Amino acid sequence: MRFVLYNIRYATGSGRHHLPFPGFGYLRRTHHRLDRLTEFLTSLDPDIIGLVEVDLGSYRTSTRRGLPANQAETIANALGHSHVYSCKYDRRSFNNRLPVLGKQGNAFITGHSIAAEKFHYFSRGVKRLIIELELESFCVFLVHLSLGYRDRQQQLRDLQELIDQSDKPVIVAGDFNTFFGEAELYAFLSRTGLRSANRLAQATFPSHVPRRQLDFIFHDPSITVSDFFIPDVQLSDHLPLVIDFDAPAP
């Protein structure tokens, strides 16, 4: 099977557009860039895609008919796959009620039969969503951790508790925002026994000159990874991660 993890930055580009003010790039409309992202993801022929920073239907994704489009749904339809998504903020958060922020989320896309989909929430942080996708013989968790170090450490403890409760082998993937390096994850990996698919610790951010390893795919030892690579594409400010793996028997 092939799993692709990609923080697509809401299909607003590589993040190198800061004029007329910092962060302006996040406000750009997304039609042409989403088309290129969809073509790229289709070319990888994935079984599962984990998407971080997906626009679920704000003005940025308005179609030629003026109707907002869900980026996860658009990509899934192009692949002929199913999709699972949610806003990244807690359901009680004020951000959920704001025009653009309330449409910012994460998503799974898969061509395989989904046994269950669950939405969990971290106890701390602004971005709190954890999506759990259960397939026949394993589960995949998708996360986008906090920018604050203390919040991240608590979120990792919350995530460990969910992994401990799973009765199937797991893959954990997402943007971990590990600005202090992979050492931040030492305790989490020690407690869970998970392994990083990125054995050489290749950097994933920023995409034009990668300097930091912010994006990770961790897997249970019973899941055998046969290939791992990071395509050199600048459709976002993050680089995508791709693994080919053999899932354990049900």
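Structure summary
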| read-out | value |
| --- | --- |
| Filter result (within 19 Å of Val52 (Cβ to Cβ) and touching an Asp or Glu at 6+ places or on another chain (Cβ under 8 Å)) within the stretch 209-224 | Gln213, Leu214, Asp215 |
| Residue match in the stretch 114-121 (condition: part of a loop (DSSP other than H, G, I, E, B), among the small types (Gly, Ala, Ser) and closer than 23 Å to Thr192 by Cβ) | yes |
| Test: residue in the stretch 52-65 that is closer than 18 Å to Ile131 by Cβ, open to solvent by less than 10 Å² (accessible area, probe 1.4 Å), at pLDDT 95 or above and assigned to a loop (DSSP other than H, G, I, E, B) | no |
| Selected residue (criterion: surrounded by the most Cβ atoms within 10 Å (Cβ to Cβ)) from residues of the stretch 190-200 that are among the basic types (Lys, Arg) and closer than 12 Å to Ile217 by Cα | Arg195 |
| Residue in the stretch 94-104 that is hydrophobic (A, V, I, L, M, F, W, C) and closer than 23 Å to Gln165 by Cβ present | no |
| Selection within the stretch 169-189 - surrounded by 22 or more Cβ atoms within 10 Å (Cβ to Cβ) and among the acidic types (Asp, Glu) | Asp175 |
| Residue in the stretch 209-220 that is farther than 30 Å from Thr30 by Cα, of a type outside the set (Phe, Trp, Tyr) and modelled with pLDDT of 95 or more present | yes |
| Lone unmet requirement of (1) in a helix (DSSP H, G or I); (2) modelled with pLDDT of 95 or more; (3) open to solvent by 10 Å² or more (accessible area, probe 1.4 Å); (4) not aromatic (Phe, Trp, Tyr) for His83 | (1) |
| In the stretch 210-241, residue farthest from Thr38 (Cα to Cα) [restricted to those that are open to solvent by 60 Å² or more (accessible area, probe 1.4 Å) and part of a strand (DSSP E or B)] | Thr224 |
| Conditions (1) more than 23 Å from Gly181 (Cα to Cα); (2) open to solvent by 20 Å² or more (accessible area, probe 1.4 Å); (3) touching an Asp or Glu at 6+ places or on another chain (Cβ under 8 Å); number of the one not met by Asp164 | (3) |
| Matching residues, the stretch 109-131, being open to solvent by less than 20 Å² (accessible area, probe 1.4 Å) and within 20 Å of Pro250 (Cα to Cα) | Thr110 |
| Output for the stretch 2-44, where each listed residue is out of contact with any Leu (no Cβ under 9 Å at 6 or more places or on another chain) and at pLDDT 95 or above | Glu39, Ser43, Leu44 |
| Residues (free of Cβ contacts under 8 Å to residues at least 12 places away in the same chain, part of a loop (DSSP other than H, G, I, E, B) and within 19 Å of Tyr59 (Cβ to Cβ)) located in the stretch 86-113 | Leu98 |
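The values are calculated or read from the model by the stated rules, or taken from the named source; none is laboratory data. In this text the structure is predicted, and so the values were computed from the model without any measurement. Using ideal geometry, Cβ is built from the backbone for each residue, glycine included, and neighbour counts are taken over all protein chains shown. Side chains included, ligands, DNA and RNA excluded: accessible areas come from the protein's heavy atoms. Shrake-Rupley method; radii C 1.70, N 1.55, O 1.52, S 1.80 Å.
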